[in-house]
Amino acid sequence: MPTKQSLTQKNIRLSERAIEKILLLAGISSVVLIGLIFIFLFKEAVFFFQTASPFDLIGKWVYDEWASKNIFNMMWQAVSKIPKYSLVPLICGSFLVAFPATLISAVIGIGCAIYLSEIASNKTRETLKPTLELLAGIPSVVLGFFMLAVVATVVQNLLGTKFRLNAFVGSLGTALCVLPIIITISEDALRAVPKELRDASYALGATKWQTIFGTVLPAAISGISAAVILGFGRALGETMIVVMATGNAALITLNIFSSVRTMTANIAAELGAVAQGSEHYYALFVVGSVLFAFTFILNIFSEIILSGMRRKLRM
Amino acid sequence: MDEQNNVEMLEERVSPSLKKIVKEKEPLVTHQTDLLPKINVQNLNVYYHTTQALKQIEIQIKPQRVTALIGPSGCGKSTFLRTLNRMNDTISGARAEGTVMIDGVNIFAPNINVVALRRLVGMVFQKSNPFPKSIFDNVAYGLRVHGIKDSNNLQERVEESLIKSALWEEVKDRLHESAMALSGGQQQRLCIARALAVNPEIVLMDEPASALDPISTAKIEELIHVLKRDYTIVIVTHNMQQAARVSDWTAYFYMGSLVEYGETKKIFTAPDKKETEDYITGRFG
């Protein structure tokens, strides 16, 4: 090769390496950002424990004037003569919204994913999928508004609930948010099941239903579980809808038709109004850290399950 | 074709398993003669959308024999194989015309129960495709699909199938471990066991050894030799030596047509057609 050409080749190699480095930087930046958010959140949260004890996050002995004795108080009453920072009602509220929301969207979403990947014709799928993805594009404030203004009334009229805004209305709205996630990931999991497995089942004389329930679903079950776990994480993190539709009363209850306050709604409602550096301010960061820890663990779980499925299906 | 000509109802002469492939009490339309080919294909045309994949195929496949289908890639031999158990039904846009008679019953007739047909005509695929389940559950799958729930019966038939497919000795101590942990050759024999478990009369094999090492291939070929005592076997292969070794009859396909069909001995020593000879001797393809 003439020397001229090798010179230009060297230049190409240089620019290629530069591009590689830039892309690497872009890839790392998201990891760094997550790390920074993590550190910031926990750093602020730690300040809370300078003035309060970790035990305060569960409850506090407070003198009750009516009962004339100390009673164990598990409440979130940050603005009060004796501020109380119990996370119990908030965690309770979060789960009371997220569990039913995940349940509703899992039932509908998995059914929908089965329909899309196994039954629908290409034409149907091509119209149905973008429509479902449109659902993911609706701003959650619009969904919240819809829940608050329309669905809450309908639910109250139908079920005669005591509170118009309650955990159930919130979870219906959250289910709409979670649905696209569960559908998309479950459908991917179902479609990742090799055609050879379906063929094997059909060749043994199995019907379509036997093939779906005997072969395709069991092979995709870990992917579907991961979808549900991720959906649950999303439901825990949903904020706007629950702020608007759950009534925001920090109660410890298992009644799904009671008003509740979730961790997310609590932060959204209060963080804008607290003095920076106050105990209340740091308490909200503790709530945020707990929420972050929950969703982080759920995400790791689903990632482990998904990689397990990929290993299992590698043939 | 024979619906019009001298047709007779010979229900009592038809094997009991065959009766199940006809959905209801429709009379069975069969030939009168006893010397029926197991599979009799007349005027078969298969299309994928508008492309014609098979043209005017006429072939009679003998019972308890191994018939090899050979030909270059894309010649239609796999399509033909998949027509015999109507697996092409699962491909959208695939369409078949003509008649394929199995024991005298046209499998394209509207009253045919495809599920029962596929039980009668088992299939082994090119790539071994065990379910991501245990070895036992793989073999039991077809039985369970056909409604067998009794665990003693399942146990018995799983064992029987694994013995038939020469896998029993290797797996009897780990029946409940994952089938994915088996070697490629073992997986393919497991797929054969799975196909045999539902008691088929015909076994279709689509290049069953093409992804295997020579030792595993030899085991599969040996197995085919043994199995032809009980089953009618149709095998697609790219390997000429394999076709010569395992088959009794050979069909050469080219561009969707059946060029030549005859006894393997004859096809490989003195074929009638020049194209067949060219292909077999490697001058083409």
Could you give each residue of the stretch A:274-281 its phi-based ³J(HN,Hα) in whole Hz, using Karplus coefficients 6.51, -1.76, 1.60 with θ = phi - 60°, and x for Gly or Pro? 9, 6, 4, x, 7, 4, 4, 4
Loop sites only, by DSSP: take the GluC sites (Glu not before Pro) in chain B that have at most 10 other C-beta atoms within 10 Å and name the longest stretch containing none of them. B:25-285
Could you work out the relative contact order of the stretch B:170-233, using alpha carbon pairs under 8 angstrom and six or more residues apart, expressed as a whole percent? 36
Net charge of Cβ neighbours under 14 Å - reference A:LEU230; Lys, Arg +1; Asp, Glu -1: -3
By accessible area with a 1.4 Å probe, ligands and nucleic acids excluded, highest first: order of A:ILE229, B:ILE192: A:ILE229, B:ILE192
Cut-off under 5 Å, modelled amide H: who pairs with B:VAL259 long-range: B:TYR252, B:PHE253, B:TYR254
Can you return the aspartates and glutamates within cross-link range of A:LYS43? Criterion is Cα-Cα under 19 Å, with same-chain partners fewer than 8 residues away left out. A:ASP56, A:GLU279
Along its principal axes, what span do the Cα atoms of the stretch A:167-226 show, with the longest given first and each in whole Å? 48, 18, 14
May I have the pair-distance distribution P(r) for the stretch A:87-314, computed from all Cα-Cα distances with 5 Å bins from 0 and rounded to whole percent? 1, 7, 13, 16, 16, 14, 11, 9, 6, 4, 2, 1, 0, 0
Residue-normalised 222 nm signal for chain B, counting each DSSP H run of n ≥ 4 as -39,500 (n - 2.57), nearest 500 deg cm²/dmol, is -9500 deg cm²/dmol
Give me the Kirkwood hydrodynamic radius of the stretch A:1-122 in Å, from all C-alpha pairs, to one decimal place? 21.5
Taking Cα atoms only, Rg over Rh for the stretch A:74-118 with Rh from the Kirkwood formula is 1.40
Accessible area per residue for the protein assembly as shown in Å², computed with a 1.4 Å probe and the full protein assembly in place, what is it? 49
Any residues in the stretch B:116-165 that have 30 Å² or more less accessible area with all protein chains than in their chain alone, probe 1.4 Å, and which are they? B:ARG118, B:PHE125, B:LYS127, B:ASN129, B:PHE131, B:PRO132, B:LYS133, B:TYR141, B:VAL145
For B:MET87, net neighbour charge (Lys/Arg +1, Asp/Glu -1) across residues whose Cβ lies under 10 Å away: 0
For the stretch A:80-91, in order, what is each residue's ³J(HN,Hα) by Karplus, 6.51 cos²θ - 1.76 cosθ + 1.60 with θ = phi - 60°, in whole Hz (x at glycine and Pro)? 6, 4, 10, x, 10, 10, 6, 7, 4, x, 6, 5
Would you pull out the residues with amide H under 5 Å of B:ALA53's amide H, same chain only if 5 or more places away, H placed 1.01 Å from N? B:VAL46, B:TYR47, B:TYR48
Per residue of chain A, what 222 nm ellipticity follows from adding -39500 (n - 2.57) for every DSSP H run with n ≥ 4, rounded to the nearest 500? -23000 deg cm²/dmol
Between A:ILE71 and A:PHE49, take the C-beta separation as r, use R0 = 25 Å, and let me know the FRET efficiency to the nearest 0.05. 0.55
Average beta carbon contacts from partner chains per residue of A:203-215, 10 Å cutoff: 6
Output ordering of A:116-124, B:37-45, A:269-277, B:73-81 (per-residue mean of other Cβ within 10 Å, highest first) is B:73-81, B:37-45, A:116-124, A:269-277
Sorted by chain and number, the residues with a modelled amide H under 5 Å from that of B:ALA68, at a separation of 5 or more or across chains, are B:ILE235, B:ASP248, B:TRP249, B:THR250, B:ALA251
How about the stretch A:37-135: which chymotrypsin sites (Phe, Trp or Tyr not before Pro) there are in a DSSP loop, with at most 16 other Cβ atoms within 10 Å of their Cβ? A:TRP66
Charge sum, other residues only, whose C-beta stays under 13 Å from B:VAL259's C-beta, Lys/Arg counted +1 and Asp/Glu -1: -2
From the alpha carbon gyration tensor of chain B, can you work out the equivalent ellipsoid semi-axes (sqrt of 5 times each eigenvalue) and give them in Å, largest to smallest? 29, 26, 17
What list of whole percents do you get for P(r) of the stretch B:178-285, with Cα-Cα distances grouped in 10 Å bins up to the one holding the largest distance? 13, 42, 30, 13, 2
For the stretch B:186-194, just list the computed ³J(HN,Hα) in residue order, Karplus coefficients 6.51, -1.76 and 1.60, θ = phi - 60°, integers in Hz, with x standing in for Gly and Pro. 5, 4, 5, 5, 5, 5, 5, 4, 4
Output row A,B: buried area (accessible, probe 1.4 Å, summed both chains) in Å², nearest hundred, equals 1800
Pairs of alpha carbons in the protein assembly as shown whose separation is greater than 35 Å (percent): 57
How large is the Kirkwood hydrodynamic radius of the stretch A:264-315, counting all unique pairs of alpha carbons, in Å? 13.3
Treating the angle as unsigned and between 0 and 90°, give the value, to the nearest 10°, between the Cα long axis of helix A:122-137 and the longest Cα principal axis of chain A. 30
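The values are calculated or read from the model by the stated rules, or taken from the named source; none is laboratory data. This one's a predicted model, so the numbers in the text were calculated from it and none came from an experiment. Virtual Cβ from ideal backbone geometry, glycine too; neighbours counted across all protein chains shown. Ligands, DNA and RNA are stripped out before the accessible areas are found, and what is left, the full protein with its side chains, is counted by its heavy atoms. Shrake-Rupley method; radii C 1.70, N 1.55, O 1.52, S 1.80 Å.
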